[in-house]
Amino acid sequence: MKQLEGVRVVDLSTYIAAPSCGRILASYGAEVIKVESPKGDDLRAAQVSYNYPKETDEYSFGIDVQNANKKGLCLNLKTPEGKEAMLKLLATADVFLTNNRVQALKKMGLDWDTLHAMFPRLIHASILGYGEKGPLKDKPGFDYTAYFSRGGIASALMEKGTAPAVPVSGFGDDYAGIALSSGICAALYKQQKDGVGERVTVSLLDAAAYGLNWMLGAKDYGSELPVSRTKTNSAVCTTYKTKDDRWIQLALIQYDNWFPKFAKDGLGAPELLEDERFATYGAMLKNIPALVAAIEPYMATKTLAEWEEILTKLDLPFERVQTMAELADDPQMWENDSIFKKPTPDGKNIYYIRTPIKFTVDPMLKEEEGRGRSPKLGEDSTEILKGLGYDDATIADYLAKGIVVEKK
């Protein structure tokens, strides 16, 4: 039995953050029904700007990444009939998942207060941009803005004195989605015990700030971001360029234990150990730029492959700064079944990173199992409406009037 088998989730969301949460719940075995408007999830059209193939009647690969193994229902919620069908569906659900702004939900009558009064056991789960309160609570938020920019991630990742990093599309969305899935699981546990629903929210801003909590905690003691790779928290916890213009990240956190081995047997520079500026951890902290400058010429004498062999033999913590192309072919990822690819009609592949949470006794539903893709727009509308008690004549009438859309 899958972890969330028997749980029904109504997913009224677009783009990435909340849909990615729904994908996680589907991988746990929940029945996730993706509800779309007649124009469809905006990502169906926008995916081409992220270099996915344009959606066709046969495939929509970008949508698949965040919506695999969901069912599809398309309702025009601006009509009384569409709204009535939505409420009938919610009456059968355990979780309502959305990333619509609070004011939009109130207009639709799908806000927490309204739905909790109607369906006391229903869990109301939302991705927000900036949180429920404060001057920005009604501001539209995306991971570019609320997560990377306002949340401090963009400045934290930049090399001090340079421009902010260009955000990785969907990065903050996916981590907010993971966080919300955790909250939903906790709410489901409570729901099973007392039969009462909960409101669960995660904001992109909070998700970003939480990732900075270790560094932010010591702000008043001089901890600050961004930093320079030559003046960071440790000269051996920074990056170095190799002979072939690649980068290596060192993480010799236990300086007094690991630096002697690195200097003598790695760099072949035992003289660094005799320099009082670098002899102890405390001394090094006062001379970080000097040690970085001393190490750089040694690191530049060997290629990435050569350094990987040396540092691996010394059992020192390091890693190559890997490219996306390398990540797609990373044997570590493939060996752990953390990635798979789907061939496309033009002979290329679409790569999918699996949900990172893994179970041993009853593994998650894989993204290529079951339906193995996202639903087409309203693909399961007839099936779902029949399950709510609608007869064939009514469904046909709704389809004719555009209240319901179903693509096969």
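The values are calculated or read from the model by the stated rules, or taken from the named source; none is laboratory data. Just so you know, these numbers come straight off a predicted model, no measurement behind them. All Cβ positions, glycine included, derive from the backbone under ideal geometry; neighbour counts span all protein chains shown. To get the accessible areas, we keep the full protein, side chains included, count just its heavy atoms, and leave off ligands, DNA and RNA. Shrake-Rupley method; radii C 1.70, N 1.55, O 1.52, S 1.80 Å.
Data for the structure
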quantity	calculated
One residue from LYS106, LYS133 being free of Cβ contacts under 8 Å to residues at least 24 places away in the same chain, in a helix (DSSP H, G or I), of a type in the set (Lys, Arg) and surrounded by fewer than 20 Cβ atoms within 10 Å (Cβ to Cβ)	LYS106
Test: residue in the stretch 199-212 that is crowded, with 16+ Cβ neighbours inside 10 Å and basic (Lys, Arg)	yes
Condition met for ARG354 (of a type in the set (Lys, Arg), at pLDDT below 95 and open to solvent by less than 30 Å² (accessible area, probe 1.4 Å))	yes
Evaluation of GLY40 against (1) under 18 Å from GLY170 (Cα atoms); (2) open to solvent by less than 20 Å² (accessible area, probe 1.4 Å); (3) among the small types (Gly, Ala, Ser); (4) more than 20 Å from the chain's Cα centre (by Cα) (one fails), failing number	(1)
Residues within the stretch 242-257 that are in a loop (DSSP other than H, G, I, E, B) and within 26 Å of the chain's Cα centre (by Cα), tallied	1
Of all residues making up the stretch 268-298, the number that are touching a Phe, Trp or Tyr at 6+ places or on another chain (Cβ under 9 Å), buried (at least 19 other Cβ atoms within 10 Å of the Cβ) and not small (Gly, Ala, Ser)	6
Inter-residue pairs, beta-carbon under 7 Å, first over 15 Å from ALA283 (Cα atoms) and in the stretch 253-268, second in a helix (DSSP H, G or I) and of a type outside the set (S, T, N, Q), 6+ apart	ALA263/LEU272; ALA263/LEU273; LYS264/LEU273; GLY266/ILE310; GLY266/LEU311; LEU267/ILE295; LEU267/TYR298
Sole exception among (1) touching a Phe, Trp or Tyr at 6+ places or on another chain (Cβ under 8 Å); (2) of a type outside the set (Gly, Ala, Ser); (3) open to solvent by 20 Å² or more (accessible area, probe 1.4 Å); (4) farther than 30 Å from GLU5 by Cβ for PHE148, by number	(3)
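Results for (1) out of contact with any helix residue (DSSP H, G or I) (no Cβ under 6 Å at 6 or more places or on another chain); (2) open to solvent by 50 Å² or more (accessible area, probe 1.4 Å); (3) within 20 Å of ILE353 (Cβ to Cβ); (4) not in a strand (DSSP E or B), shown as yes or no for each residue.
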| residue | (1), (2), (3), (4) |
| --- | --- |
| GLU5 | yes, yes, no, yes |
| ALA26 | yes, no, yes, yes |
| THR56 | yes, yes, no, yes |
| GLN66 | no, no, yes, yes |
| GLU84 | yes, yes, no, yes |
| LEU87 | yes, no, no, yes |
| LEU90 | yes, no, no, yes |
| ALA93 | yes, no, no, yes |
